[in-house]
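Every number in this text was worked out from the coordinates using simple rules, so none of it is lab data. Quick caveat, the model's predicted, so the values are computed rather than measured. Cβ coordinates were reconstructed from backbone atoms using ideal geometry, including for glycine residues, and neighbour counts include every protein chain displayed.
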Amino acid sequence: MKKILYIIPILFLFAIITNCKKKDLPEYPGSLIKHGLVNIVMPGSDINDPNMRMYAFSGNHQNDLSALPSGDWTYELWINVDPMALIGNKDALAGVYAGGACIGDRRHIFELYLINDDDPDADFAIKYGALHSGDDLQVASMQSDQATENLHFNEWIHVAICRSSSDNTTRFFINGKLIDSSTDNVWKQPANNDTFLDFNYMYRGSPMFFFKGGMDLVRLSTVCRYTQDFTPRREEPYLVDQNTLLQLNLDENLSSFSPPNDFDKIEIKGFYDYYIKVHKDNTWYHEPDEYLPLGDY
């Protein structure tokens, strides 16, 4: 009984001290702000204006596209497809005949573009083709129309293509899900077979099939980044490491040419040592800031 009498005053004193400390803590006066993301918005996919091109160039420098190994690489980015984007024919022999908006292209090596999907719950699918160096027809292809991952307009989609020489496997991921894979050597990408990596169009004698919609977080790596399913997070930009050849966060961090002209330089992360330009007619979309009450973050 005596022990209980001693304990009660101690607990009472502890409660008073704790309560005083709580009252002394400063209170946040408003809401916490989680800033919205920024991405570039590409113009219409049916235009053929060379000014709208966005591409990486290889000038035979030590640290340009020629630094990409033929057997180990990853090409990835986020896209948000506009309902007015061109949707191509999934059964066509190549992108030039399919007519779908191009997500990425390296002539004589590969092409990545939008195709139709027969599933009524899907707005489109994506096709990745390995190209014959002579006529740019596909010698092999992977496409997502038979996958369980249905794709829709006005939604952010992560696309990744990668190859590993350790298991001689090329993998095609959409939203972190493995769509298809192959061990065929046809998927190797010779480093010096073409000097341009096109991000929003394909070139077949002239620029064509421009992508329409948003693009964000483009990365080209000198290793295979993914060998199994993963969870991509657009709100978390990629970490730059020694294997990052080229990374475009596309966050409107631009610099002007000297003297100024109709183009700006996009900030490049990674060891790629040539510039990438974007026409000033392109627009930047700022997603709304999110306001979070204190304690809800």
Nearest 10, in degrees from 0 to 90: the angle of helix 2-24 to the longest Cα principal axis of the chain is 50 degrees
In this structure, among 127/177; 34/127; 90/177; 90/188; 127/280, pairs with alpha-carbon gaps over 27 Å are 34/127; 127/280
Here, residue 119 and residue 168, labelled 7 Å along Cα→Cβ, have an inter-label distance in nm of 3.2 nm
Descending packing, highest mean Cβ count within 10 Å first, for 226-236, 277-287 is 277-287, 226-236
Residue 286 and residue 139 label points (each 7 Å along its Cα→Cβ direction) are spaced in nm at 4.9 nm
Ranked output for segments 121-131, 77-87, 58-68, 250-260 by mean other Cβ atoms within 10 Å, highest leading, reads 121-131, 77-87, 58-68, 250-260
In nm, the gap between the two label points placed 7 Å beyond Cα toward Cβ at residue 230 and residue 62 is 2.8 nm
Checked against the structure, the computed Kirkwood radius over Cα pairs in Å among (1) 22.8; (2) 21.3; (3) 20.8 is the one labelled (2)
Note to self, the chain gives a 222 nm [θ] from helices alone (DSSP H runs n ≥ 4, -39500 (n - 2.57) apiece, / all residues, nearest 500) of -3000 deg cm²/dmol
Row for the range 217-293, column shape: gyration tensor on C-alpha, a ≥ b ≥ c, rounded if a/c < 1.5 i.e. under 1.5, prolate if a/b over b/c, else oblate; value oblate
Residues meeting the amide H criterion for residue 99 (H placed from the backbone, H to H distance under 5 Å, 5 or more places apart or on another chain) are 89
Length-normalised contact order of the chain, Cα under 8 Å, at least 6 apart, in percent, tallies to 28 percent
